Structure formats: structure tokens, C-alpha cells
Amino acid sequence: MRKTTSKKSRSTVGTATPKTVEEYLAGVPEPARSTLKKVRAAIRAVAPAEATEVISYRIPAFKIETPRFKGILMWYAAFSDHCSLFPTASVISAFKKDLKDFRVSKGTIHFPVDKPLPAALLKRMVKARIAEMESKKRR
């Protein structure tokens with residue numbers, strides 16, 4: 001019987017599921033680790049004080065739980081050949097022109113392991129996601 005190989009990118013983290021973001025990042029090789037740390041810092045800079053870092057779907061995420069709204073703000077991850085940000089499809093759609101130089105799919109933005117998304121763009125996307133979460137709560 002022949003083994004089949006998946007063409008999907010593999011997460012750079014080993015098989016053990018990390019329990020914290022620090023554990024996740026410790027398992028990511030350079031230069032992706034430094035890239036993710038920059039992404040993390042940009043998100044943290046504009047995320048509400050109540051935002052916490054969690055592991056969700058085996059990757060790092062920022063989660064918000066307040067009386068106003070709750071849920072995952074966004075996820076980020078490293079893979080063997082790229083890093084990804086998962087800000088939701090609506091945020092990607094809203095920033096489509098700004099993301100023209102990146103590979104995007106419905107809910108994911110791919111960028112090189114050695115080049116994070118521009119911090120100013122990332123911060124604007126975080127603010128848009130927060131506004132989206134707040135508006136959904138008001139309904």
C-alpha cells in the first residue's frame with residue numbers, strides 16, 4: 001500500500017499540543033518565531049485590556065470576554081512555508097485593496113515567514129475586527 005502525502009502546509013509546531021502561546025512560539029523555528037512575535041505585539045498594542053491570549057484550534061489567538069462582547073479576536077500561526085493571520089472573512093474583505101500584495105483566501109492572510117504584515121495595517125484590521133464584534137453584540 002502506498003502512502004499518500006498531503007499537499008497542505010504543516011504547522012511548524014510539533015505534535016504535542018501547546019498549552020500556552022509561549023509554548024507554541026518556543027516550538028516555532030526562526031525566522032517565523034520573530035515574525036509571529038511582531039504580529040503578536042501589533043495585535044496586543046490595540047486589543048482591549050481585557051483580551052487574553054489562548055490556544056484555539058492548536059494555534060495562538062486573542063480572546064475577548066467582556067459584558068459588551070465575547071469571542072476570538074483573531075488567530076495567527078506559522079507553517080512550514082508561510083505565516084498566517086486569521087482575522088475573519090469580513091475583515092479580509094474590508095481590507096482587500098490593502099492586502100493585494102498578499103495571498104489571501106476567504107478567512108486567511110498568508111505572508112512570508114521572514115516578513116510580517118505591516119504593523120499599521122495589522123492594527124487597523126484589529127480595530128475593524130473589534131468594531132465588528134461590538135456591532136454583532138448590539139443586535
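If I filter region 21-31 for residues that are open to solvent by 20 Å² or more (accessible area, probe 1.4 Å), in contact with a Pro (Cβ under 6 Å, 6 or more places away or on another chain) and modelled with pLDDT of 90 or more, do I get at least one hit? Reasoning before the result, please.
Within region 21-31, the first condition is being open to solvent by 20 Å² or more (accessible area, probe 1.4 Å), and the residues that meet it are 22-23, 26-27, 29-31.
Okay, now just the ones that are also in contact with a Pro (Cβ under 6 Å, 6 or more places away or on another chain), so none.
No, there is no match, as no residue in region 21-31 is open to solvent by 20 Å² or more (accessible area, probe 1.4 Å), in contact with a Pro (Cβ under 6 Å, 6 or more places away or on another chain) and modelled with pLDDT of 90 or more.
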**Subset tally (residues that are of a type in the set (A, V, I, L, M, F, W, C) and touching a helix residue (DSSP H, G or I) at 6+ places or on another chain (Cβ under 6 Å)) for region 96-139** = 7
**Close pairs (6 angstrom Cβ cut-off, 6 or more residues apart or separate chains): touching a residue at least 24 places away in the same chain (Cβ under 8 Å) in region 41-62, of a type in the set (Gly, Ala, Ser) and open to solvent by less than 40 Å² (accessible area, probe 1.4 Å) anywhere** = Val54/Ala61; Ile59/Ala77
**Asked** So which residues in region 81-139 are in contact with a Phe, Trp or Tyr (Cβ under 9 Å, 6 or more places away or on another chain), over 17 Å from Ile64 (Cβ atoms) and basic (Lys, Arg)?
**Response** Arg103, Arg124
**Any chance Lys63 is within 14 Å of the chain's Cα centre (by Cα) and of a type in the set (D, E, K, R)** = yes
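The values are calculated or read from the model by the stated rules, or taken from the named source; none is laboratory data. Note that the coordinates shown come from a computational prediction; the quantities given were computed from them, not determined experimentally. Here Cβ is always computed from backbone atoms with ideal geometry, including for glycine, and neighbour counts include all displayed protein chains. These accessible areas exclude ligands, DNA and RNA; they are computed on the full protein's heavy atoms, side chains included. Shrake-Rupley method; radii C 1.70, N 1.55, O 1.52, S 1.80 Å.
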